[in-house]
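Shown next, in structure tokens, is the structure this report addresses.
The values are calculated or read from the model by the stated rules, or taken from the named source; none is laboratory data. Quantities reported herein were computed from a predicted structural model and do not represent experimental measurements. For neighbour counting, all protein chains shown are included, and Cβ atoms are generated from backbone atoms with ideal geometry for every residue, glycine included. Each accessible area value is taken on the protein alone, full model and side chains, heavy atoms only, with ligands, DNA and RNA left out. Shrake-Rupley method; radii C 1.70, N 1.55, O 1.52, S 1.80 Å.
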Amino acid sequence: MSTADAVAREAAWLAAYDPTDGLPALLRTSGGPFDVVQAYLPRTPPARRACLFVLRSGIHVERFGFNRKINHHTFSLRITWPQSSGTGQAESVQSDLDEAVDLILQRVNGLFGDKTHGARFLSVAENPMDIDVQFDDPDITLQPRADLTARITYQGDDQDYTS
């Protein structure tokens, strides 16, 4: 598998929805909380939309045995959550973001007994301790942009190969 398409493969898994598999939808068109789930950050992100962008912060190529290698991708999900509330309460928006993050974690953890994200990888987020969620301080992010932001990082491993 190519390292160049890993971000697109992971974004496809996060955007996919099958009502029979028990995993939550992330895209609003399928009943999820996000308006946008896509690979890479666009030059001009949509304003006032709940967005989930799949990025990659690193690739680590591990060599083992005589000529075996495996590519480890560090995925970084960037979340932008608009401060939109009918009541004007920032608390409910922060709670809604927490619920959206929980849905993301369910999708990242994948199906019971299958951590391949639909055979896109050898494994993804195999060790739950390797998933890291960081919420930016709402006191800072609410004022200038009226958005909450967060990042989720975890590792995805490709199939091993010979070279």
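General remarks:
- Some residue of the range 129-151 being among the aromatic types (Phe, Trp, Tyr), open to solvent by 50 Å² or more (accessible area, probe 1.4 Å), more than 17 Å from the chain's Cα centre (by Cα) and at pLDDT below 90: no
- Taking the range 63-83 as the range and being surrounded by 14 or more Cβ atoms within 10 Å (Cβ to Cβ) and not β-branched (Val, Ile, Thr) as the test, the residues that pass are LYS69, ASN71, HIS72, HIS73, PHE75, SER76, LEU77, ARG78, TRP81, PRO82, GLN83.
- The residues of the range 89-137 that are assigned to a helix (DSSP H, G or I), touching a residue at least 40 places away in the same chain (Cβ under 8 Å) and not hydrophobic (A, V, I, L, M, F, W, C), listed by number, are GLN94, ASP96, GLU99, GLN106, ARG107.
- Complete set of residues in the range 15-62 that are hydroxyl-bearing (Ser, Thr, Tyr) and crowded, with 16+ Cβ neighbours inside 10 Å: TYR17
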